[in-house]
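Enquirer: Take a look at this one; I'll ask things after.
The values are calculated or read from the model by the stated rules, or taken from the named source; none is laboratory data. Keep in mind that what you see is a predicted model, and the values were worked out from it rather than measured. Every residue, glycine as well, gets a Cβ built from its backbone with ideal geometry; the counts of neighbours run over all protein chains shown.
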Amino acid sequence: MTTVFYPPTIPWGKLTQRPQQLMRWFAELGWTAVYHDIGMQRVDPPVVKVRPGLYLLSRYARLEALHDKVNLTRPIILWITYPPHSNLVGTTYDEDLVVFDICDMPSEEFLPWKKWVKEMLSKASVVFTASQVLYDAFSRSHPSVHCVPNGADWQHFAPASRTVPEDFPRRAGRVAGYHGALASWLDWRLIQRVAEAMPDWNFVFVGPLLGLDPKWLPKRSNMFYLGEKSYEELPSYAGLFDVGTVPFEVREVTVASDPIKVYEYLASGKPVVTTNLPAVAGRPGVYLARNEEEFAAMLEKAVSEDSAARRGERLAFARENSWENRARRIMTVVNDAFRSGVG
């Protein structure tokens, strides 16, 4: 049985992203997955079993703490998404194979990662990319590069009867919703102008501030900032959106992204309006906008064109592009690498 380690990078319970989703499914599909949790500070107990095959290891715990609770079997994979973790290769986890999963373009906010990306490409046995743009950028830099986009936790977000959260705005009107980090890559000028142009709509933001001062957030009577919610709570909020939104700035980092929230909105049965991001073009129920005028128009169009048949298309897309299917694809590639002697 294969063991996969994910070194301390993202807290397990913070903004559930690609690493948490993949580790869950690796465990579900038969690997032993150990998530070395940067957010787990305690050392007693040093190991927490999340579900069969999936374990959290405290940030400060020694690997020896696993031996009493976890059957660590070879081969061992070291799964890296944070390029500076290049310095962990061959030092801590006694791995047989290194996987580098490229999730962000090393430019703009992530420019300091550039030298580490180059180093990781030289150390990894297998490379995955989270978008086609990233694949195009790195496919000639390594002999084994594979594009595996993000996916949908469609069971978690599937439409269902849920209690309306107490803090969800009761103001009349349609809801354009966003969940995720409130960060520098959102187009705040576009957001403010669209909210001004559509006073009868409500613009609801669910998520933590990331490197932003709250005083700089645009404020209007139809804009609501609800703060960070747990992953378990998110479907109750997304289910109340009329349209899910991805109002990102269009620049190198965002053009290379494949926003997970698009899959989550679609899994909720909702249409989606985004700025002009190539990764999401052509998906059912996704409307692209090049400027604030188009963004407002696409919000109206998404609502006016909605139907049971279109909702069915969106839900089918989410099921077909599940995290389970992504994990199966990755496991096939990695197992093929082992069989070919790569490692």
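Enquirer: So if I check each of GLY244, GLY211, GLY180, GLY173, which one is at positive phi and in contact with a Lys or Arg (Cβ under 6 Å, 6 or more places away or on another chain)?
Expert: Details: GLY244 fails: at positive phi; GLY211 fails: in contact with a Lys or Arg (Cβ under 6 Å, 6 or more places away or on another chain); GLY173 fails: in contact with a Lys or Arg (Cβ under 6 Å, 6 or more places away or on another chain).
Of the residues listed, the single one that is at positive phi and in contact with a Lys or Arg (Cβ under 6 Å, 6 or more places away or on another chain) is GLY180.
Enquirer: Continuing with the same structure: Could you list all residues from segment 101-160 that are in contact with an Asp or Glu (Cβ under 6 Å, 6 or more places away or on another chain) and in a loop (DSSP other than H, G, I, E, B)?
Expert: MET105, SER107, ALA130, SER131, PRO149, ASN150
Enquirer: Among the listed residues LYS49, LYS14, identify the single one that is in a loop (DSSP other than H, G, I, E, B), among the basic types (Lys, Arg) and in the same structural domain as THR129 (by TED's automatic domain parsing). Walk me through how you get there before you give the answer.
Expert: Working: LYS49 fails: in a loop (DSSP other than H, G, I, E, B).
From the options LYS49, LYS14, the qualifying one is LYS14.
Enquirer: Give the residues of segment 1-58 that are over 23 Å from GLY180 (Cα atoms) and of a type in the set (Lys, Arg), sorted by residue number.
Expert: Answer for segment 1-58, where residues must be over 23 Å from GLY180 (Cα atoms) and of a type in the set (Lys, Arg): ARG42, LYS49, ARG51.
Enquirer: Return only the number of the condition from (1) modelled with pLDDT of 95 or more; (2) part of a helix (DSSP H, G or I); (3) surrounded by fewer than 16 Cβ atoms within 10 Å (Cβ to Cβ) that TRP25 does not satisfy.
Expert: Single failed check for TRP25: (3).
Enquirer: For the list (1) closer than 28 Å to ARG162 by Cα; (2) aliphatic (A, V, I, L, M); (3) buried (at least 18 other Cβ atoms within 10 Å of the Cβ), I need the number of the one condition that ALA308 fails.
Expert: (3)
Enquirer: Taking the condition within 24 Å of ASP101 (Cα to Cα), surrounded by fewer than 21 Cβ atoms within 10 Å (Cβ to Cβ), without any contact (Cβ under 8 Å) to a residue 12 or more places away in the chain and not basic (Lys, Arg), does GLU294 pass? It would help to see each step written out before you state the result.
Expert: Working: within 24 Å of ASP101 (Cα to Cα): no; surrounded by fewer than 21 Cβ atoms within 10 Å (Cβ to Cβ): yes; without any contact (Cβ under 8 Å) to a residue 12 or more places away in the chain: yes; not basic (Lys, Arg): yes.
No; evaluated as a whole, the condition is false for this residue.
Enquirer: Continuing with this model, one more query. Restricting to segment 197-240, give me the number of residues that are within 21 Å of MET298 (Cα to Cα), touching a residue at least 60 places away in the same chain (Cβ under 8 Å) and surrounded by fewer than 16 Cβ atoms within 10 Å (Cβ to Cβ).
Expert: So the count comes out to 1.
Enquirer: Just give me the residues in segment 311-333 being within 18 Å of the chain's Cα centre (by Cα), closer than 16 Å to HIS146 by Cα and aliphatic (A, V, I, L, M), in sequence order.
Expert: ALA327, ILE330
Enquirer: Same structure, new question: If I ask for residues that are outside any loop (DSSP other than H, G, I, E, B), over 23 Å from ALA172 (Cβ atoms) and not aromatic (Phe, Trp, Tyr), which ones from segment 182-233 would you list?
Expert: First, pick out the residues of segment 182-233 that are outside any loop (DSSP other than H, G, I, E, B): 182, 186, 188-197, 202-206, 209, 214-216, 223-225.
Filter once more, so that each one left must be over 23 Å from ALA172 (Cβ atoms): 182, 186, 188-190, 209, 214-216.
Result: LEU182, LEU186, ARG189, LEU190, LEU209, PRO214, LYS215.
Enquirer: To continue, here is another question. Kindly establish whether ALA61 is among the hydrophobic types (A, V, I, L, M, F, W, C), under 16 Å from THR92 (Cβ atoms), assigned to a loop (DSSP other than H, G, I, E, B) and assigned by TED's automatic domain parsing to the domain that holds ASP94.
Expert: On the way: among the hydrophobic types (A, V, I, L, M, F, W, C): yes; under 16 Å from THR92 (Cβ atoms): yes; assigned to a loop (DSSP other than H, G, I, E, B): yes; assigned by TED's automatic domain parsing to the domain that holds ASP94: yes.
The answer is yes for ALA61.
Enquirer: When residues of segment 46-77 are filtered for being touching a residue at least 60 places away in the same chain (Cβ under 8 Å) and either over 19 Å from ASP96 (Cα atoms) or in contact with a helix residue (DSSP H, G or I) (Cβ under 8 Å, 6 or more places away or on another chain) (or both), how many remain?
Expert: So the answer is 3.
Enquirer: Does segment 127-135 contain any residue that is closer than 30 Å to LYS229 by Cα, exposed (fewer than 13 other Cβ atoms within 10 Å of the Cβ), within 21 Å of the chain's Cα centre (by Cα) and in the same structural domain as ILE77 (by TED's automatic domain parsing)?
Expert: no
Enquirer: Identify, please: which residue in segment 73-95 is surrounded by 16 or more Cβ atoms within 10 Å (Cβ to Cβ), of a type outside the set (Val, Ile, Thr) and part of a loop (DSSP other than H, G, I, E, B) and is, among those, nearest to the chain's Cα centre (by Cα)? Show your work before the answer.
Expert: We begin by selecting, within segment 73-95, every residue surrounded by 16 or more Cβ atoms within 10 Å (Cβ to Cβ); these are 75-83, 85-86, 88-89, 93, 95.
When the remaining residues are screened for being of a type outside the set (Val, Ile, Thr), the result is 75, 78-79, 82-83, 85-86, 88, 93, 95.
Keeping just the survivors that are part of a loop (DSSP other than H, G, I, E, B) gives 75, 82, 93, 95.
Working: PRO75: 27, TYR82: 14, TYR93: 25, GLU95: 25 Å.
Within segment 73-95, the match that is nearest to the chain's Cα centre (by Cα) is TYR82.
Residues checked against (1) modelled with pLDDT of 95 or more; (2) buried (at least 19 other Cβ atoms within 10 Å of the Cβ); (3) more than 17 Å from GLY13 (Cβ to Cβ):
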site: LEU29; (1), (2), (3): yes, no, yes
site: TYR35; (1), (2), (3): yes, yes, no
site: GLN41; (1), (2), (3): no, no, no
site: LEU54; (1), (2), (3): yes, yes, no
site: ARG62; (1), (2), (3): no, no, yes
site: ALA65; (1), (2), (3): no, no, yes
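Enquirer: Picking from LYS123, LYS114, which residue would you name as being basic (Lys, Arg), outside the structural domain of GLU264 (by TED's automatic domain parsing) and either within 24 Å of the chain's Cα centre (by Cα) or crowded, with 22+ Cβ neighbours inside 10 Å (or both)?
Expert: Working: LYS123 fails: either within 24 Å of the chain's Cα centre (by Cα) or crowded, with 22+ Cβ neighbours inside 10 Å (or both).
Answer to the selection: LYS114.
Enquirer: A further question follows. Are any residues in segment 189-238 aromatic (Phe, Trp, Tyr) and over 15 Å from ASP167 (Cα atoms), and if so, which ones? Steps first, please.
Expert: In the first step, residues of segment 189-238 are kept if they are aromatic (Phe, Trp, Tyr); the result is 201, 203, 205, 216, 224-225, 231, 237.
TRP201, TRP216, TYR231 - these are the residues of segment 189-238 that are aromatic (Phe, Trp, Tyr) and over 15 Å from ASP167 (Cα atoms).
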